[in-house]
1. Select, from LEU260, LEU267, the only residue that is assigned by TED's automatic domain parsing to the domain that holds GLY475 and within 16 Å of ligand 1 (Cβ to nearest atom).
2. With the condition kept exactly as written, say whether any residue in region 390-406 is open to solvent by less than 60 Å² (accessible area, probe 1.4 Å), aliphatic (A, V, I, L, M) and part of a helix (DSSP H, G or I).
3. Give me a count of the residues in region 218-256 that are under 30 Å from VAL563 (Cα atoms) and part of a strand (DSSP E or B).
4. Within the set of pairs 6 or more residues apart or between chains, which connect a residue that is without any contact (Cβ under 8 Å) to a residue 12 or more places away in the chain inside region 252-266 to a residue that is surrounded by fewer than 24 Cβ atoms within 10 Å (Cβ to Cβ) with Cβ atoms less than 9 Å apart?
5. Assuming TYR675 fulfils every condition listed in (1) within 12 Å of ligand 2 (Cβ to nearest atom); (2) aromatic (Phe, Trp, Tyr); (3) in contact (Cβ under 8 Å) with a residue 40 or more places away in the chain apart from one, which condition is it?
6. Among ASP147, ASP139, ASP197, ASP182, which is the only one that is among the charged types (D, E, K, R) and over 30 Å from GLU330 (Cβ atoms)?
7. Can you find even one residue in region 588-609 that is away from ligand 1 (no atom under 16 Å from the Cβ) and touching a helix residue (DSSP H, G or I) at 6+ places or on another chain (Cβ under 9 Å)?
8. Out of (1) in contact with a Leu (Cβ under 6 Å, 6 or more places away or on another chain); (2) away from ligand 1 (no atom under 14 Å from the Cβ), the odd one out for ILE194 is which?
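The values are calculated or read from the model by the stated rules, or taken from the named source; none is laboratory data. Keep in mind that this is a model prediction, so the values were computed, not measured. Every residue, glycine as well, gets a Cβ built from its backbone with ideal geometry; the counts of neighbours run over all protein chains shown. Heads up: the accessible areas ignore ligands, DNA and RNA and are worked out on the full protein's heavy atoms, side chains in. Shrake-Rupley method; radii C 1.70, N 1.55, O 1.52, S 1.80 Å.
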Amino acid sequence: MKVQPAWTFPTGTGKRGALAVLLGLTTVLGACSKSSDLDDDTPAPAKSSSTGGGDSIQAIAKERGLSPDDITAALKTYTPSGTHDPYIMFASGGHSGQVFAIGVPSMRILRSIGVFTPEPWQGWGYPVEKDIISAGDSDTTPLTWGDSHHPAISQTNAEYDGQFLFINDKANARVAVIDLKDWMTKQIVKNPIILNDHGGTMVTPNTDYIIEGGQYGAPLGWSYASIDDYQKSYRGAVTFWKFDRAKGRIDVDQSFAMELPPYGQDLFMSGRLVSDGWVFGNSFNTEMATGGDLEGKPPMEAGASQRDMDYMHIINLKAAEADFKAGKFEKMKGFPVIRLTTAIQDGLLYFAPEPKSPHGVDVSPKGEFIVASGKLDPHVTVYSFAKIQQAIKDKKSTPDVFGVPVLDYDSIKEAQVEVGLGPLHTQFDDKGYAYTSLFLDSMVARWTLGGNYSSLHPEGPWKVVTKIPVQYNVGHICIPGGDTAKPDGKYLVSLNKWSIDRFFPTGPLLPQNLQLIDISQGGDKMQILYDLPMGIGEPHYAQMISADKLKPYTVYPEIGWDVNSGKVDPDAALPGKERIERRDGAVHVYMTAVRSHFRPDQVVVNKGDKVVWHITNVERTQDATHGFAISGYNINLSIEPGRAETFTFVADRSGVFPFYCTEFCSALHLEMAGYLLVKP
Ligand code: CUK
Ligand code: CUA
């Protein structure tokens with residue numbers, strides 16, 4: 001095993017020589033070969049580009065202090081103006097509650113997608129689509145933020161199909177559906193029985209189900225029970241949301257949950273190919289610690305880290321679905337829940353011991369291995385799906401305190417690989433390597449898979465091949481196609497939690513650091529290419545897809561398009577039919593927007609009128625988006641070409657309210673305005 005410091009040259013002078021010839025860089029490489037340039041790993045601020053030294057590559061590199069590694073990294077990531085990235089990465093937005101789309105390898109942020117939180121640029125929730133956000137409110141409190149964690153791209157036959165994206169809100173146990181035709185959120189569901197989640201969203205290989213695992217044990221259905229009754233009254237749960245692909249929505253009526261012991265369920269992952277129909281999750285508090293530090297009990301995290309083993313959950317989803325369809329559930333807050341006793345009796349749930357406070361659980365591309373990482377154990381543990389099935393068949397298990405069969409560890413374990421300190425998440429490439437993030441070591445370890453992948457490796461199976469330092473404290477890692485049967489091994493993005501010295505300090509709150517790593521070569525070669533500061537929320541996870549699998553609209557298909565129904569709104573405002581009419585106790589405004597005017601540009605109502613405002617952008621030109629804002633009424637829309645929107649408000653304040661276009665759309669953009677006059 002070779003540890004590769006971040007600052008070493010690619011090995012071999014042949015490559016350097018070739019690069020130098022390619023670029024005519026003999027001077028630069030000569031200058032940078034001085035050991036003082038190479039051995040100093042303290043980051044120096046890049047100098048501003050040369051003004052005096054001319055525009056030659058040599059002069060620029062010398063002036064900016066760029067090493068040959070820097071130059072190869074720049075060449076591998078630089079994406080000239082007008083060219084597009086081959087990969088698109090969807091990263092969760094963490095506390096922002098949104099999703100971010102990032103081009104790879106340029107690492108250019110392409111857009112945010114409003115999900116759980118109002119997002120002003122796209123008018124998300126002001127007030128358009130407010131209903132979608134509020135559909136996910138808890139029953140008494142409107143929720144105005146989310147903690148988005150795990151995006152999942154829809155799959156067909158265990159490959160990303162680029163049609164939909166799902167994302168969970170850890171803070172409030174919500175799941176959202178984003179349509180990748182227009183990159184807009186179409187639905188948010190609030191889990192009726194749990195208040196927070198974590199192990200979501202992961203999808204089954206044909207996106208039949210979106211998996212949402214809970215996290216912190218609590219009485220199901222948001223009810224109260226004394227914490228002294230933790231084992232008796234607190235529970236975990238996993239929910240299987242049925243996805244209706246034709247409708248592009250979760251079908252709540254065909255969705256169900258399964259009651260689990262209160263073990264702090266963490267991540268879940270669907271099986272695929274050989275393990276299709278099964279779901280794997282883990283847990284980190286089989287101690288059932290509840291804290292109580294002021295009363296002299298062990299603090300929460302210490303109490304939850306006492307045992308050597310926690311439990312990986314092994315769920316037979318096909319059998320659970322059959323039980324649900326056979327009515328073998330109880331309703332809780334109107335939602336079907338398969339009780340723990342049924343799950344045990346019917347063989348829906350098994351446990352596998354897994355070392356020390358596990359976090360990630362990941363399934364190998366062909367579905368035959370399940371990899372779990374114990375945060376407090378330097379190993380990843382690899383389980384064989386075939387051995388798990390055999391142990392279930394042979395009844396090689398002993399029950400836990402709830403009666404769930406715990407499979408015999410040695411019978412189902414395939415391998416343990418000592419990867420380093422703080423292993424969290426594992427991804428796979430197309431060359432039979434697995435990659436595990438090491439939070440405490442601040443490294444990513446590359447190791448070899450065994451089984452059918454063994455022939456790919458001269459190094460032998462289950463061996464760490466190399467590690468690359470990352471800056472710093474990596475959480476998830478992301479490889480294109482990383483959660484599918486066909487991963488692509490070109491890039492890996494390391495989603496680092498700490499950035500410390502990487503960027504100019506932005507006050508005490510620093511951005512996270514997403515680092516792009518070249519993994520296209522095997523063996524011990526990996527190279528950091530780019531650092532992307534994320535100053536807009538903490539991405540936990542990301543999924544990356546080949547850009548050619550995405551087929552987004554460039555403009556909405558027809559004028560008057562209702563983005564929620566996915567067809568023309570029969571009541572849309574249309575060109576030539578603009579008007580203001582009073583009917584059904586409301587003032588209806590039918591307005592069109594086109595460069596550079598709103599028609600009508602004066603709207604007069606009386607104080608107290610209910611106003612129903614229909615507005616359509618009648619443009620057919622790509623990117624001819626108009627915004628629409630009414631001062632004083634908190635109204636703010638983004639209307640892309642073809643889109644029709646309707647919003648309703650009560651004109652409860654009299655006065656003169658200018659409205660205007662908020663996108664600088666044309667030379668007369670500032671003039672694209674009008675007046676709402678509310679008569680006293
Ligand atoms: S979690 Cu954040 S580093 Cu929510 Cu998937 Cu592991
Ligand atoms: Cu339309 Cu600015």
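1. Being assigned by TED's automatic domain parsing to the domain that holds GLY475 and within 16 Å of ligand 1 (Cβ to nearest atom) holds for just one of LEU260, LEU267, which is LEU267.
2. Initially, region 390-406 is screened for residues open to solvent by less than 60 Å² (accessible area, probe 1.4 Å), giving 391-392, 397, 400, 402-406.
Restricting the remaining residues to those that are aliphatic (A, V, I, L, M) gives 391-392, 404, 406.
Next, only the ones that are part of a helix (DSSP H, G or I) stay: 391-392.
Yes, because at least one residue in region 390-406 is open to solvent by less than 60 Å² (accessible area, probe 1.4 Å), aliphatic (A, V, I, L, M) and part of a helix (DSSP H, G or I).
3. Residues flagged as under 30 Å from VAL563 (Cα atoms) and part of a strand (DSSP E or B) within region 218-256 amount to 14.
4. Sorted first by the residue in region 252-266, then by its partner, the pairs are ASP253/LYS242.
5. So TYR675 meets the others, but not (1).
6. When all the criteria are applied, what remains is ASP182.
7. In the first step, residues of region 588-609 are kept if they are away from ligand 1 (no atom under 16 Å from the Cβ); the result is 588-609.
Adding the requirement that they be touching a helix residue (DSSP H, G or I) at 6+ places or on another chain (Cβ under 9 Å) leaves none.
No, region 588-609 has no match at all.
8. Against the list (1) in contact with a Leu (Cβ under 6 Å, 6 or more places away or on another chain); (2) away from ligand 1 (no atom under 14 Å from the Cβ), ILE194 comes up short only on (1).
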